[in-house]
Amino acid sequence: MTTSPNDDACCTEYARMSRRSLFRGAAALAGTTTAFGGAVLTASPSAALAPAPSVLVVLSLRGAADGLSLVVPHGDAAYYKARPRIAVPADQLLAPDGFFGLHPRLAPLLPLWERGAMAAVHATGLPAPNRSHFAAMEELEDAAPGSTTRVGWLNRLIGLDAIDSPSQAISLAGNLPTSLYGPAAALSTNAVDDLEVAGDNKWVRRNGRMRSLSTMWQGEPTPLGVGARSAFRTVKELNPVLSTGAAPAHGAVYPAGDLGRALAAAARIIRADAGVSVLTVDHGDWDMHSNLGTLRGGRMVENAGELAAALHAFFTDIGLYAGSAVGSKVTLVALSEFGRRVQENSNQGLDHGYGNVMLLAGAGVRGGYHGRWPGLANDLNADLTVTTDYRSVLAEVVARRFDASTASVFPGFSPTSVGVMRA
């Protein structure tokens with residue numbers, strides 16, 4: 001879900017992208033996507049789905065979140081010199097070690113952190129700086145620099161197995177992100193309850209609606225016919241999701257807002273254990289050119305608090321803390337297209353930068369702080385230098401949780417060891 005940015009606080013490019021709904025455009029370019037009822041489906045042949053052995057949730061923090069505020073390098077003196085008004089005080093940080101600490105509004109995530117199921121990898125990012133939201137998102141989610149084909153890394157991942165159903169990967173942003181765009185079938189929806197065929201409701205007698213539609217489209221060789229049959233099959237495959245109660249489980253309470261709603265839907269899908277192995281969720285707006293604020297108020301404390309509360313509710317909902325089998329196979333990765341500058345600007349905000357932090361939580365994660373710190377410089381153009389290509393982090397996830405070929409998911413890339421995932 002992408003919330004509407006504050007036009008006075010974010011850059012023109014990000015505001016334009018949000019207003020025009022970038023990802024509706026991306027879905028339209030997919031070409032093979034077809035809408036039935038409220039669901040948007042991509043045509044595919046048939047196959048049945050078994051419960052997924054591993055589930056990956058990719059949370060995109062749209063707008064370029066400031067990783068230096070979320071995971072603060074309090075041991076680097078340049079951080080405090082560069083941000084005299086907006087730096088997070090060292091004595092307020094959570095889970096501090098000798099160098100890093102978490103933003104105080106991430107307190108709901110401390111149970112995850114303390115059980116060793118949450119990690120932060122700092123100074124990660126693209127191979128080269130890219131300060132355009134649109135171009136950086138494309139590059140990040142394609143994860144194949146120089147490629148002439150538009151295929152996302154998650155699409156390459158789900159394309160490695162024999163499963164050809166759209167049900168295996170679901171975007172909860174209402175449209176396909178670039179990471180899911182490509183030849184492997186995927187699905188996008190705004191709401192789980194939209195995963196039905198329009199008109200097939202409780203008023204229909206003896207399954208008449210579906211029988212008539214199936215008869216009409218059976219044997220139709222056109223792409224529309226293929227899409228129709230795929231839609232009917234997908235809706236049937238995801239019936240267990242609709243049968244799973246919408247109410248959160250294990251006492252989870254989500255915060256109000258798009259992120260809470262999207263993660264609640266993701267948790268409902270995961271609890272149904274209907275074979276979905278990849279879920280994507282968007283959260284904006286993190287483009288804070290002004291009024292990033294302090295611990296007393298501002299946009300960062302609001303976003304960080306919403307993020308932490310929603311993630312805590314999500315992991316509670318899927319039963320991670322209760323030791324459920326389903327909850328124990330879910331790994332979540334949160335990342336942003338780029339980071340912010342080291343030095344605050346005159347509007348108590350931060351302009352577009354380079355390196356950032358990646359957050360990981362759940363199954364297989366080796367908790368704690370990771371990454372090689374490059375040191376900060378205190379000048380207006382200083383960036384957090386990238387010392388770990390973000391693909392190395394993702395490569396560990398897909399190799400350890402999906403036993404997938406990293407060369408196939410990230411073509412032309414040789415990952416380095418990060419140590420954020422257990423063997």
Exercise. What do you reckon, is ASN201 open to solvent by 70 Å² or more (accessible area, probe 1.4 Å), assigned to a loop (DSSP other than H, G, I, E, B), within 30 Å of GLU13 (Cα to Cα) and not aliphatic (A, V, I, L, M)?
Worked result: no
Exercise. Can you pull out the residues in the range 125-152 that are in a loop (DSSP other than H, G, I, E, B), closer than 23 Å to THR12 by Cα and open to solvent by 40 Å² or more (accessible area, probe 1.4 Å)?
Worked result: ALA128, PRO129, ARG131
Problem set entry | Test set (1) surrounded by fewer than 24 Cβ atoms within 10 Å (Cβ to Cβ); (2) closer than 17 Å to VAL55 by Cα; (3) of a type outside the set (Val, Ile, Thr) - GLY297 fails condition number | (2)
Exercise. Restricting the search to the range 236-262, which residues are out of contact with any helix residue (DSSP H, G or I) (no Cβ under 6 Å at 6 or more places or on another chain) and buried (at least 21 other Cβ atoms within 10 Å of the Cβ)?
Worked result: ALA262
Seminar exercise, completed: Listed by first then second residue, the pairs whose first member lies in the range 185-210 and is within 28 Å of LEU160 (Cβ to Cβ) and of a type outside the set (Asp, Glu), whose partner is in a helix (DSSP H, G or I) and open to solvent by 10 Å² or more (accessible area, probe 1.4 Å), with beta carbons under 8 Å and at least 6 positions apart or on separate chains, are SER188/ALA27; VAL192/LEU242; VAL192/ALA265; VAL192/ARG268; LEU195/VAL235; LEU195/LEU242
Problem set entry | Out of ALA231, ALA265, sole residue that is open to solvent by less than 30 Å² (accessible area, probe 1.4 Å), touching a Phe, Trp or Tyr at 6+ places or on another chain (Cβ under 8 Å) and assigned to a helix (DSSP H, G or I) | ALA231
Exercise. In the range 302-321, which residues are open to solvent by 10 Å² or more (accessible area, probe 1.4 Å) and in contact with a Ser or Thr (Cβ under 8 Å, 6 or more places away or on another chain)?
Worked result: LEU320
Seminar exercise, completed: SER179 passes all but one of the listed conditions (1) of a type in the set (Ser, Thr, Tyr); (2) farther than 19 Å from HIS283 by Cβ; (3) buried (at least 19 other Cβ atoms within 10 Å of the Cβ); the exception is number (2)
For this session: Within the range 171-186, track down each residue that is more than 11 Å from the chain's Cα centre (by Cα) and farther than 13 Å from ASN155 by Cβ.
Result: GLY174, ASN175
Problem set entry | Members of the range 364-417 found to be assigned to a loop (DSSP other than H, G, I, E, B) and under 20 Å from the mean Cα position of the chain (by Cα), listed by number | GLY364, ARG366, GLY367, ALA404, PHE410
Exercise. Among the numbered criteria (1) in contact with a helix residue (DSSP H, G or I) (Cβ under 8 Å, 6 or more places away or on another chain); (2) open to solvent by 10 Å² or more (accessible area, probe 1.4 Å), which single criterion is violated by LEU110?
Worked result: (1)
For this session: Restricting attention to the range 96-107, report how many residues are assigned to a helix (DSSP H, G or I) and buried (at least 19 other Cβ atoms within 10 Å of the Cβ).
Result: 2
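The values are calculated or read from the model by the stated rules, or taken from the named source; none is laboratory data. Small disclaimer: the values here were computed from a predicted structure and weren't measured. Every residue, glycine as well, gets a Cβ built from its backbone with ideal geometry; the counts of neighbours run over all protein chains shown. Remember, those area values only see protein heavy atoms, side chains included, never the ligands or the DNA or RNA. Shrake-Rupley method; radii C 1.70, N 1.55, O 1.52, S 1.80 Å.
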